[in-house]
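Asker: The structure's right below; bear with me while I get my questions together.
The values are calculated or read from the model by the stated rules, or taken from the named source; none is laboratory data. This one's a predicted model, so the numbers in the text were calculated from it and none came from an experiment. Counting neighbours? That spans all protein chains shown, and the Cβs are built from the backbone with ideal geometry, glycine included.
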Amino acid sequence: MSTDYFENIVNPFIIDVMDQDTYDLNDYIQIQQKLKEKNLDLFFESLYPIDKMRTTLVEMKQRCTKGIQQQIIDLSANEIPSIKLFKLGNGGDGKNCIVCCKPLFIERYKDSETIVQSLEEVGFNGHFMILNGGFPNPTGTEMKYAAVPYSFKIFMILEARKRVFDNILWIDSVCYAINNPEPIFDKIKKHDAIFRSFPPNCFESDSCNNTVFPKTIEYINNLVNRDIRNDKLVNSIVFGLNLTSPRIIEFIQEYYEMVKQGLPFLSAFPEEVVFASIFNKPEYSYVLNDSYNLYIHACYSSKEHATQLGYYFIQRS
């Protein structure tokens, strides 16, 4: 790799795409081709430490190339990607929205089509919004960052904000509702943000050193002026923000700066490391209160038992 992206502070993921509010079919075809042409294998190999990590190089590549490998358009359908918005129940106060993205051609994401049904079954009054394929582009500037791994969650939240929702809850497409999630939105309004958080190294020793490239750690440490290896961890499988909060708007502005640089996303948990690096700053740390009952993985509980325990969502295997 002739370019040392860290040395020159260059975003390795950026693609040459014009900023614009909407894209036509030909635009999407060209964007898909630009993603396909992006090859950072040698760069990733140069970042992998000689003494290795518990996360293998293969796994690191898989995580860091999620944006590059994504299929944003289905040429057989001859349609451009679209956002679908569903009003559920009476719509509530019109301020609460659940959002997710559905990548194309990935078998497990077919289950995302059951999310609407599950929300109806639990009596949710609010809205649900989903993007099928494509890449969220709320300000007309995001498409060039489509290769930045897992960067789409905040962008999708802002797509809902454009549609005048205030309290927005991201859920991964493998989740479905088992209890009415309306109380979650009360917590978002009160606390500005909601997600699961964990103490550093609670799952394994030296977790940051084993899931984040050394140069990424060094780079983010310099950005935030602390050692992120001691940070509380952020889990964003179910992740909500209050978009009327000035502090959350500042968080999003800082997030965009990280996206523009791209380098902070070089890890096995790209967006979560970035979220944590910002939320662990003193001015944001008040949001790091664990909401343990947001979701549970299906391997730990049956639907019936998880419902009784008060979890709001199940994450499918």
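Asker: Find the helices (runs of 4 or more DSSP H) located wholly in segment 1-49 whose residues include 3 or more that are modelled with pLDDT of 95 or more, and list them.
Answerer: Once the helices (runs of 4 or more DSSP H) in segment 1-49 are filtered for at least 3 residues that are modelled with pLDDT of 95 or more, what remains is 25-37, 41-47.
Yes/no matrix, rows are residues, columns are (1) within 21 Å of Y23 (Cβ to Cβ); (2) without any contact (Cβ under 8 Å) to a residue 24 or more places away in the chain; (3) among the aromatic types (F, W, Y); (4) surrounded by fewer than 22 Cβ atoms within 10 Å (Cβ to Cβ):
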position	(1), (2), (3), (4)
S76	yes, yes, no, yes
Y145	yes, no, yes, no
F152	yes, no, yes, no
E159	yes, no, no, no
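Asker: Now for a separate question. If a residue has to be closer than 26 Å to Q71 by Cα and out of contact with any strand residue (DSSP E or B) (no Cβ under 6 Å at 6 or more places or on another chain) to count, how many in segment 112-137 make the cut?
Answerer: Of the residues in that region, 7 qualify.
Asker: Still on this structure: Under the condition of being surrounded by fewer than 22 Cβ atoms within 10 Å (Cβ to Cβ) and in contact with a helix residue (DSSP H, G or I) (Cβ under 6 Å, 6 or more places away or on another chain), which residue from segment 180-206 is farthest from V122 (Cα to Cα)?
Answerer: Step by step, filter segment 180-206, then rank; the result is P200.
Asker: Report those strands (runs of 3 or more DSSP E) wholly inside segment 104-201 carrying at least 1 residues which are farther than 26 Å from S245 by Cα.
Answerer: Correct list: 126-132, 175-177.
Asker: Pick out the one residue from I178, I168, I157, I98 that is modelled with pLDDT of 95 or more, within 19 Å of the chain's Cα centre (by Cα), of a type in the set (A, V, I, L, M) and closer than 18 Å to R316 by Cα. Before the answer, list the steps.
Answerer: Numbers: I178 fails: within 19 Å of the chain's Cα centre (by Cα); I168 fails: closer than 18 Å to R316 by Cα; I157 fails: closer than 18 Å to R316 by Cα.
So the residue among I178, I168, I157, I98 that is modelled with pLDDT of 95 or more, within 19 Å of the chain's Cα centre (by Cα), of a type in the set (A, V, I, L, M) and closer than 18 Å to R316 by Cα is I98.
Asker: Which one is nearest to the chain's Cα centre (by Cα) among residues in segment 229-268 that are over 25 Å from C97 (Cα atoms) and in contact (Cβ under 8 Å) with a residue 60 or more places away in the chain?
Answerer: F265
Asker: Are any of the residues in segment 39-47 loosely packed, with under 15 Cβ neighbours inside 10 Å, farther than 30 Å from R161 by Cβ and within 24 Å of the chain's Cα centre (by Cα)?
Answerer: So in segment 39-47, the residues loosely packed, with under 15 Cβ neighbours inside 10 Å come out as 39, 41-42, 45-46.
Subset that is farther than 30 Å from R161 by Cβ: 39, 41-42, 45-46.
Those left that are additionally within 24 Å of the chain's Cα centre (by Cα): 39, 41.
Checked segment 39-47: at least one residue is loosely packed, with under 15 Cβ neighbours inside 10 Å, farther than 30 Å from R161 by Cβ and within 24 Å of the chain's Cα centre (by Cα).
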